[in-house]
1. Taking the Cα atoms of the chain, report the difference between the largest and smallest coordinate on each principal axis, in whole Å and largest first.
2. Stretched out fully, how many nm does the piece from E152 to D279 gain, at 0.36 nm a residue minus the Cα gap?
3. Where the accessible area of the chain is counted over protein heavy atoms with a 1.4 Å probe, how much of it, in %, is carbon and sulfur?
4. Quick check on the range 169-224: what does the Kirkwood estimate of hydrodynamic radius come out to from the alpha carbon pairs, in Å?
5. Suppose accessible area is computed on protein heavy atoms with a 1.4 Å probe; arrange C352, C49, C44 from highest to lowest.
6. I need the calculated FRET efficiency for the pair S95 and H403, taking r as the beta carbon distance and R₀ as 60 Å, to the nearest 0.05.
7. Enter the accessible area per residue of the range 88-199 (Å², integer; probe 1.4 Å; all protein chains in place).
8. When only Cα pairs under 8 Å and 6 or more residues apart are kept, what is the percent relative contact order across the chain?
Amino acid sequence: MADKTYDLIVLGAGPGGYVGAIRASQLGMKVAVIEQRSTLGGVCLNEGCIPSKALLDSSEYFSLAKNHFAAHGIEVPEPRLNLATMMTRKDTVVSELTAGVEYLFKKNQISWIKGQGILRGTDNDHFQQITVGSEVYRGQKILLATGSRPVEIPGLPIDNRLIIDSSGALSLTRVPEHLVVVGAGYIGLELGSVWLRLGAKVSVVEMLPQMLPKSDPDTVKALQRSLKKQGMNIHLDARIEKLQTDNDRATLTVLRKNKAHEIEADKILISAGRKPNLDGYGLKESGIDLDESGFIRVDDNYMTTAADIYAVGDIVAGPMLAHKASEEAVVCVERMTGQGSAVNYHTIPGVCYTWPEMASIGKTESELEEKRIPFKVGKFNFMGNGRTRAMAETEGLVKILVHPETRKILGFHILGPRASDLIAEAVAVTSLNGTVDDIIRMIHSHPTLSEAIKEAALNVDDSAIHA
């Protein structure tokens with residue numbers, strides 16, 4: 001029995017599970033990870049963050065060659081798409097990274113138990129038990145990191161032939177004639193962008209009146225204008241009333257402003273969000289409670305309502321982001337060893353990897369108004385930035401929300417080229433409890449994209465130089 005007893009057993013090998021396992025091993029724990037996939041890395045590495053970014057980059061290169069090289073004086077023949085090669089490259093990126101996680105497991109002496117783990121309660125020695133098939137494993141502590149899965153829409157059953165989910169959209173063997181994306185969240189807009197660049201007609205249907213509904217309206221509106229200019233059809237405040245299928249085609253009846261119109265498509269991508277992956281793990285039987293939103297209830301140490309069982313990532317409240325899961329997992333296992341680590345939820349960045357990219361931390365104006373928190377706004381459009389002019393990438397803006405008295409940063413929103421990287425400056429300053437004045441005093445290299453951040457900071461007091 002000794003070889004099946006561990007200090008920590010992690011259920012799930014995604015960004016929360018595998019990162020938590022590695023950190024626990026570094027802290028001297030004997031660790032096992034239970035994962036039923038044939039590869040490590042969870043949804044993120046296998047069919048989410050990594051493959052989608054690989055296709056986003058590849059499709060962006062194709063779009064640049066097709067639509068933008070000529071303006072830079074680069075004359076090349078009309079590019080031809082080899083979708084099979086593009087998909088092979090995506091698969092190679094995924095396999096290299098998942099193999100890298102497997103190497104890290106071996107390096108850190110983490111046991112990988114392959115199969116479906118089910119919680120079975122404590123034994124006489126107060127160890128938590130998990131069964132995998134007929135085998136029983138014992139852990140002093142258990143960390144649940146089982147991730148999430150796509151939300152299904154009644155009346156639009158996913159068959160991954162005509163109606164696909166995000167995994168299906170990453171594995172198409174041909175460019176759709178017309179792809180209808182149901183849901184204007186991060187995933188839908190990113191995958192819609194991939195196939196739009198590669199030649200598909202793309203229509204997005206969103207039941208709410210705004211894309212990316214929890215994001216800053218100014219940056220969202222600017223992104224919407226950009227996507228429409230690229231050719232994406234966006235139907236907001238719209239609801240799908242009926243679906244009719246005929247072999248490999250579908251007709252959607254969409255109701256918008258009390259008017260119904262039909263949209264024909266050969267692929268429908270369901271991208272209406274994700275929900276915690278909780279079924280089949282024996283949570284209820286182990287005394288693990290859920291909150292009113294269906295997430296696992298945890299305390300400040302990420303312990304569930306069952307002693308010595310912890311949970312992180314998409315299965316607990318908060319944004320469903322890979323880096324949030326990883327950070328929670330690190331803090332969770334460090335707290336197991338008595339450290340006083342904590343996650344700064346105010347500085348968790350959210351990124352939409354469209355082009356231009358959109359990234360943010362903190363609050364929006366409406367959230368601050370709702371809580372009656374005073375704020376000042378600083379904005380700067382990338383049109384006034386020298387580097388974006390040189391790049392011919394002038395769309396977008398930087399927007400900073402600042403407390404008028406403390407000068408602390410309350411919200412930071414960027415739409416523009418490489419916003420996913422630029423947001424790191426906002427995270428750094430905010431994490432160090434800095435103020436907008438710290439950004440103003442920082443010297444930013446010229447010409448760089450980051451100068452737009454300083455200009456937005458200056459604009460809080462109407463002092464921007466290039467506005």
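The values are calculated or read from the model by the stated rules, or taken from the named source; none is laboratory data. Not measured: the values here are computed from a predicted model. Ideal geometry is used to build each Cβ from the backbone, glycine not excepted, and the neighbour counts take in all protein chains shown. Surface accessibility is based on the protein's heavy atoms, side chains included, excluding ligands, DNA and RNA. Shrake-Rupley method; radii C 1.70, N 1.55, O 1.52, S 1.80 Å.
1. 70, 62, 47
2. On the way: separation 127, 0.36 × 127 = 45.72 nm, distance 1.50 nm.
Length gained, E152 through D279: 44.2 nm.
3. Details: 10780 of 21920 Å².
Ligands and nucleic acids excluded, carbon and sulfur reach 49 percent.
4. Values: mean 1/r = 0.0841 Å⁻¹.
Result for the range 169-224 stands at 11.9 Å.
5. Values: C352 0, C49 50, C44 20 Å².
Descending order: C49, C44, C352.
6. Working: r = 47 Å, r/R0 = 0.79.
Calculated value: 0.80.
7. Working: 5130 Å² over 112 residues.
Ligands and nucleic acids excluded, the result is 46 Å² per residue.
8. Working: 963 pairs, mean separation 64.4, N = 467.
Dividing the mean separation by the residue count of the chain yields 14 percent.
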